[in-house]
Amino acid sequence: MPIIEARNLAKDYNLGKTVIHAVKGVDLRIEPEEFIALAGPSGSGKTTLLNLLGCIEVPSSGTLQMDGREVTRLSADQLADIRHDKLGFVFQTFNLIPVLTAFENVEYALLKRRLSPKERRDRVMDALEEVGLVEHARHRPEELSGGQRQRVAIARALVRQPEIILADEPTANLDHLTGGKVLEIMKRINEERKTVFIFSTHDPKIMEIAGRVVYLRDGEIVPAGD
Ligand SMILES: Nc1ncnc2c1ncn2[C@@H]1O[C@H](COP(=O)(O)OP(=O)(O)OP(=O)(O)O)[C@@H](O)[C@H]1O
Ligand SMILES: [Mg+2]
């Protein structure tokens, strides 16, 4: 069974008199353990599609199933539960809380989980270890490099042990080498923990690491090389 199945998924934005068809009739099956890149020019719908798959945006039409369960008819609260329990998010601009340390940024993601202080600490340190940042646990974001900040953000996504991590251009603010290292960490987590990763990128080198590349153009999936 696919972990995500989108059928004829579409998202329109109404801007006064004009309607923007950001995603048009996308069919996409994502299998367990996949490591998928979304590629395509600026404005092709990558962010919109990630936001639909991440239950952040509500589709205008079409269906979206997660683990065989239709999510398009769920309430806002139910969608929030899915985001919290099943999904992790990584952003282009890291989105860490500046006044918190790396440890606290990751711990913050566990706020709603009922865990003992020891369990919580162990989970946070385990996630920081996964991204090679145990030594930087007490550093605040401004005391970390861009690559280290993004690794904190990956640890924060990982600490709830989600089935799927969605990452919108996670390497766009990093130099090529650093971006490649961040992707390698994501790939290792995918292989070891079987976490599904779906990430968007403009970088052809990053696409090479992906198990599958889905190309978008004008809101539609197109064949590679089109
Ligand atoms: N909130 C919004 N309101 C109106 N239009 C939007 C909104 N979000 C996206 N769009 C439009 O939808 C289309 C797809 O945008 P999207 O951000 O998904 O593209 P993208 O592939 O992520 O681009 P980029 O590579 O620049 O990040 C664009 O035409 C964009 O202007
Ligand atoms: Mg985008």
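The values are calculated or read from the model by the stated rules, or taken from the named source; none is laboratory data. From a predicted model like this one, the values you see are computed outputs, not experimental measurements. For neighbour counting, all protein chains shown are included, and Cβ atoms are generated from backbone atoms with ideal geometry for every residue, glycine included. Please note that ligands, DNA and RNA were not included when accessible areas were found on the heavy atoms of the full protein model with its side chains. Shrake-Rupley method; radii C 1.70, N 1.55, O 1.52, S 1.80 Å.
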Can you pull out every residue in the stretch 190-203 that is farther than 18 Å from Arg217 by Cβ and open to solvent by 40 Å² or more (accessible area, probe 1.4 Å)? Glu191, Glu192, Arg193, Lys194
With (1) basic (Lys, Arg); (2) over 28 Å from Asn105 (Cβ atoms); (3) more than 12 Å from ligand 1 (Cβ to nearest atom) as the list, and Lys24 as the residue in question, which single condition is left unmet? (3)
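What strands (runs of 3 or more DSSP E) lie completely within the stretch 1-94 and have 1 or more residues being open to solvent by 50 Å² or more (accessible area, probe 1.4 Å) and touching a strand residue (DSSP E or B) at 6+ places or on another chain (Cβ under 8 Å)?
Numbers: elements: 4-15, 18-30, 35-39, 61-66, 87-90.
So the answer is 4-15, 18-30, 61-66.
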Take the conditions within 16 Å of ligand 2 (Cβ to nearest atom), out of contact with any Pro (no Cβ under 6 Å at 6 or more places or on another chain), part of a helix (DSSP H, G or I) and open to solvent by less than 20 Å² (accessible area, probe 1.4 Å) and apply them to Ile206. Does it pass? yes
Taking the stretch 185-209 as the region of interest, how many residues are at pLDDT 95 or above and either over 25 Å from Gly45 (Cα atoms) or of a type in the set (A, V, I, L, M, F, W, C) (or both)? 12
Qualifying position, being away from ligand 1 (no atom under 14 Å from the Cβ), over 15 Å from the mean Cα position of the chain (by Cα) and farther than 18 Å from Met125 by Cα, among Pro141, Pro223: Pro223
